[in-house]
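Here is the structure we will look at.
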Amino acid sequence: MSQTKLLWELENHNKLLDKYIKKLKIFKDDPDLRRIILRHKQLEEELSNHKDKDIKIKQRLKEKEKTLKNYIFNMDELDKKLYNNQMTDFKQLDYLIQEKEKFKQAISDLEVEIINLLDDTEFIEKEINQLADELDKINKKVVEYEKRKSVNIDKINAIIKEEENKIIDLIQVIEPNIMDKYNLIKGTKNSAVAQILNGICSGCNMVIPAYIVDEVNSKRDLVKCENCGRILFVNK
Ligand SMILES: [Zn+2]
């Protein structure tokens, strides 16, 4: 195999290597997975807030129910006093009736509050269930994604290793001075070798004069494109 043919092969394997290294980076970054993980975090926070709220509502409910019990007990006590028929003091009787009315109103208000709190917990429990469901689905999605990601990364790493080995093999059979020239051009351009296709340089798309094409075909030395400076190669 001619040295220019080897350089051309090297160039192509370098391009493939770059392509797969870029691909690997995209897979590792994985914006889709990042988005899912962010949503997961948000849901966890929402769920935790809802649970806190639920606990607070239930505490208030407990307190209200305790107060209601006390009020009912007090009213029963008042009833006993009122209806034991031993009450002779009208002033005292009037006072007890007024007290009873106050408790009645307070009990009625408390009952409304308790119903509202029960509605609130029912609503929040429903929301907690929905959030937990969504979180569960996202958990499964994350696991699936991570698995797929790791399979893809393994595949790409295998290709990268393969390309690196091919490059090492090629470098060993390319003459060192030619390799130096290649590296020098590669350092300034993203590609160092161009193919002449239908008399046109694949690096810069300029027409290559016929005498240059002849030189590439006949000479053992490297011939560069007069326009872009890339090493020219003709596939024979
Ligand atoms: Zn060129």
Scope segment 152-172; condition hydrophobic (A, V, I, L, M, F, W, C), out of contact with any Leu (no Cβ under 6 Å at 6 or more places or on another chain) and within 30 Å of Ile212 (Cβ to Cβ); matching residues: Ile167, Ile171
Complete set of residues in segment 216-231 that are of a type in the set (Lys, Arg) and either without any contact (Cβ under 8 Å) to a residue 60 or more places away in the chain or assigned by TED's automatic domain parsing to the domain that holds Glu11 (or both): Lys219, Lys224, Arg230
Test: residue in segment 156-164 that is touching a Phe, Trp or Tyr at 6+ places or on another chain (Cβ under 7 Å), modelled with pLDDT of 95 or more, not in a strand (DSSP E or B) and not aliphatic (A, V, I, L, M): yes
Unique residue being assigned by TED's automatic domain parsing to the domain that holds Lys161 and either in contact (Cβ under 8 Å) with a residue 60 or more places away in the chain or not in a helix (DSSP H, G or I) (or both) when the list is Lys22, Lys28: Lys28
Residue list for segment 165-203, filter: of a type in the set (S, T, N, Q) and in a loop (DSSP other than H, G, I, E, B): Asn190, Ser191, Asn198, Ser202
Candidate set from segment 204-223 (those that are in a helix (DSSP H, G or I) and of a type in the set (D, E, K, R)); member that is surrounded by the most Cβ atoms within 10 Å (Cβ to Cβ): Glu215
Residue in segment 169-191 that is modelled with pLDDT of 95 or more, within 14 Å of the ligand (Cβ to nearest atom) and among the small types (Gly, Ala, Ser) present: no
Residue in segment 217-227 that is at pLDDT 90 or above, more than 10 Å from the ligand (Cβ to nearest atom) and in contact with an Asp or Glu (Cβ under 6 Å, 6 or more places away or on another chain) present: yes
Failed criterion for Leu197 (all others in (1) within 43 Å of the chain's Cα centre (by Cα); (2) surrounded by fewer than 14 Cβ atoms within 10 Å (Cβ to Cβ); (3) more than 30 Å from Lys28 (Cβ to Cβ) hold): (1)
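The values are calculated or read from the model by the stated rules, or taken from the named source; none is laboratory data. Predicted, not measured: the structure shown is a model, and the values here were computed from it. Positions of Cβ are backbone-derived with ideal geometry, glycine not excepted, and every protein chain shown enters the neighbour counts.
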